[in-house]
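The values are calculated or read from the model by the stated rules, or taken from the named source; none is laboratory data. This one's a predicted model, so the numbers in the text were calculated from it and none came from an experiment. Virtual Cβ from ideal backbone geometry, glycine too; neighbours counted across all protein chains shown. To get the accessible areas, we keep the full protein, side chains included, count just its heavy atoms, and leave off ligands, DNA and RNA. Shrake-Rupley method; radii C 1.70, N 1.55, O 1.52, S 1.80 Å.
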Amino acid sequence: MSSSKILTTSFNYQGVYPCPVCRVGKISHMPLMEAMSCDFCQQIFTVNVEQQLLKMPSRQPPLIWHWNGFNWTEAQIEGVEFGWGYVIGAAAFVLLPTTLIGIVAYNFPPHPATPLSWLPYIWTILTLLSHLTIIIWLFIEIYQIPLMAYWRAIQQRFLGL
Ligand SMILES: [Zn+2]
């Protein structure tokens, strides 16, 4: 389609692009610097026009994004490839303890008349939630998702604050 071709743009200093961190603001060239900044979350990026990539140097190791002509690719940590090993590891960390406790709770149910007989089931759910929280927290830590920026954006957009 020719219409999709028009939207495809290469990444350069003159353009204005969506911010890959907060996805709310726009990033544009900072005068006299080889950098771009976001008008919303104030994040500063260094630019590599030849490789069409953006780097966020404010954290170590830096996060990088590639421009695919339409949008930014998923953030990558420089020098780190998040392969399936990490995904499987994270899934196992959440599912294995939950399954174990669930199996025990299912196979050795306490007598319904005993006090706290519901505890193993609640414990299973708590195990799932707590391990899931750890994974989500790690994800937020690694990618430094600006939750406050999101929150401000949501407030501005929906509440008109
Ligand atoms: Zn931003």
log10 I(q)/I(0) for the stretch 84-159, Debye formula on C-alpha points only (no solvent), q = 0.12, 0.15, 0.21 Å⁻¹, two decimals, reads -0.54, -0.69, -0.90
Rg(Cα) of the stretch 26-93 divided by 2.2 N^0.38 Å? 1.31
For the stretch 63-161, which GluC sites (Glu not before Pro) pass both filters: DSSP loop (anything but H, G, I, E, B) and at most 14 other C-beta atoms within 10 Å? 74, 78, 81
Using the Kirkwood formula on the Cα atoms of the chain, what hydrodynamic radius do you get, in angstrom to one decimal? 19.3 Å
If the chain between residue 138 and residue 32 were fully stretched, how many nm would it gain, using 0.36 nm times the residue separation less the Cα-Cα distance? 34.5 nm
Might you tell me the accessible area per residue for the stretch 6-161, computed with a 1.4 Å probe and given in Å²? 68 Å²
